[in-house]
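Notes to accompany the following structure.
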4 protein chains.
Amino acid sequence: MKTHTITINPRFCETDALGHLSNISYFIYLEEARTRLFDELSCGGRTGDWHFILASAKCDFVNQGFFGRRLRVETNVSRIGHKSFQCIHRIIEEETGKLIAIGEAAVVYFNFHTQASEPLPDGLRALLAQYLVSAAEEADSSLRCQKP
Amino acid sequence: MKTHTITINPRFCETDALGHLSNISYFIYLEEARTRLFDELSCGGRTGDWHFILASAKCDFVNQGFFGRRLRVETNVSRIGHKSFQCIHRIIEEETGKLIAIGEAAVVYFNFHTQASEPLPDGLRALLAQYLVSAAEEADSSLRCQKP
Amino acid sequence: MKTHTITINPRFCETDALGHLSNISYFIYLEEARTRLFDELSCGGRTGDWHFILASAKCDFVNQGFFGRRLRVETNVSRIGHKSFQCIHRIIEEETGKLIAIGEAAVVYFNFHTQASEPLPDGLRALLAQYLVSAAEEADSSLRCQKP
Amino acid sequence: MKTHTITINPRFCETDALGHLSNISYFIYLEEARTRLFDELSCGGRTGDWHFILASAKCDFVNQGFFGRRLRVETNVSRIGHKSFQCIHRIIEEETGKLIAIGEAAVVYFNFHTQASEPLPDGLRALLAQYLVSAAEEADSSLRCQKP
């Protein structure tokens, strides 16, 4: 199983008055992780041939993140459906390895011209399958997310 | 049951190159709805005595939202726990009544000095209870969210 | 002379870890003021017939702004050229009347189909003229901006 | 003369419905360039000992920037005063070398405890001087910014 990884240098404007990263910022990081993954899959990093629409996004905030502490966003695919797939993300503080947040996203393969969803092409399906986490691994990963 | 309602005038910078509102923007609107609700509950709109930390946020994107079309964010409480509570939000296009998105948030009562969660005070618990949606209403509301 | 005015409820996510509003947020408020002005001029609040492109934006941060303190953004036109015009903005803390920031923007009348600037139509020119601040008023206004 | 350089991968949420990067996004990139410069000067990348407050920010938008096209932000110091200094930034499309935007910022050395500005320490002044662009170079650089 491949894991797609990016690093994020949190920006000062991504903090809030509580002194930590705003909850909004995590959704920015998760979108960034997905667009970079889609780009790597050669399936449209440019707007012109963009085929994805977000159906749902979720983030569990496990520990606070801070400006000045680099993050690693690890992304896998947790489910591949007929016209959609599901991503899972782990946001980890790079220096300490501490789990900061867990994200999930449901992505629909979408034709912006017809404004309708379409079946995932086989080529994309095969590429996504490389990132597919097994149910067992996913359960284990969610166990790792429990704070002691 | 009370429903907390705010209206949102989507900003141009909250759109993205797909011509609709960015998925990130919805999380901004949901946070705005919650902070305005917390303010109304007189339980701390100012940073100094802020008692809430977001444990989880979710948004289902049901229909696309657009610049120039006002939104209404309706917020209720779906669960009141010992140290936390759950909010549910409906984002509705004001002119048409079309459901745009459904949000959920888990909010923990948090002491920033001790950096630990604390039991919800009784006064706050009573105020939150006024916004509490029954399980039956919630099921009905989620049914309404299904696209035909 | 007319002055275009909007009020802004700063959002929690628009603060930063210094406890005040992020400098980025002011540019969001200034854009919001301009799009609302353009909408009022009936010259295109929707993307389809959008005719404006920003050539330059500036903000002087006079006093810190904070979450929980409403702002008023007053906008005037400071210069009307052949294919462009200049806006000036004052951001004021509503409760105290304290000047928080002064903004400026150069806006070009732009045809997105041809990707070229065009002369301001006479109708728009006349509408903008209603908001035109005289040089004397502008000088006075900038004097008011000096901190003692 | 040293030039501080960072690269920016524009994020999808930093675009707007006009299909290009939102004008707001440039101010995010400029702040990022400054905080990374300040970090390199070892003068406080962390909130705890943050000594800078932005007095003014400006951006001239020379050409449109787009998602999928990496940017380089080059930063120099254009003036060193008693309690403040001025930065200039050039935002350049990496692949083509095309100038996208020119930024300016006035930064005040600020004591957040006393909430007052303070003279620049000699050590910081010396470090900033390494990035100081001469008046001649600055004039030349602004000439380069003219579109043919």
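Being under 30 Å from D:E32 (Cβ atoms) and crowded, with 19+ Cβ neighbours inside 10 Å is the filter here; which residues of segment A:101-119 pass it? I'd like the intermediate steps shown before the answer.
First, the residues of segment A:101-119 that are under 30 Å from D:E32 (Cβ atoms): A:101-105, A:107.
Of everything in segment A:101-119, those that are under 30 Å from D:E32 (Cβ atoms) and crowded, with 19+ Cβ neighbours inside 10 Å turn out to be A:A101, A:I102, A:G103, A:A105, A:V107.
Can you name the residue in segment D:114-132 that is part of a loop (DSSP other than H, G, I, E, B) and either closer than 19 Å to D:A55 by Cβ or among the hydroxyl-bearing types (S, T, Y) (or both) and, of all such residues, is farthest from the chain's Cα centre (by Cα)?
Narrowing segment D:114-132 to residues part of a loop (DSSP other than H, G, I, E, B): D:114-115, D:118-121, D:130-131.
This time we only want the ones that are either closer than 19 Å to D:A55 by Cβ or among the hydroxyl-bearing types (S, T, Y) (or both), so: D:114-115, D:118-121, D:131.
Values: D:T114: 26, D:Q115: 24, D:E118: 21, D:P119: 21, D:L120: 18, D:P121: 21, D:Y131: 12 Å.
Checking each candidate, the answer is D:T114.
I want to confirm something. Restricting to segment A:72-89 and keeping residues that are more than 30 Å from A:Q115 (Cα to Cα) and surrounded by fewer than 22 Cβ atoms within 10 Å (Cβ to Cβ), which single residue is nearest to the other protein chains (Cβ to nearest Cβ)?
Here the answer is A:R72.
Among the numbered conditions (1) at pLDDT 95 or above; (2) touching an Asp or Glu at 6+ places or on another chain (Cβ under 7 Å); (3) of a type outside the set (A, V, I, L, M), tell me where D:N111 comes up short.
Just one mismatch for D:N111, condition (1).
Can you name every residue in segment D:91-100 that is over 20 Å from D:D16 (Cα atoms) and buried (at least 21 other Cβ atoms within 10 Å of the Cβ)?
none
For the subset of segment D:2-28 comprising residues that are away from chain B (no Cβ under 14 Å) and not β-branched (V, I, T), which member is nearest to the chain's Cα centre (by Cα)?
Checking each candidate, the answer is D:H4.
The values are calculated or read from the model by the stated rules, or taken from the named source; none is laboratory data. What you are looking at is a predicted structure, and each value in this text was computed from that prediction instead of being measured. Methodologically, a virtual Cβ is constructed for each residue, glycine included, from the backbone with ideal geometry; neighbour enumeration extends over all protein chains shown.
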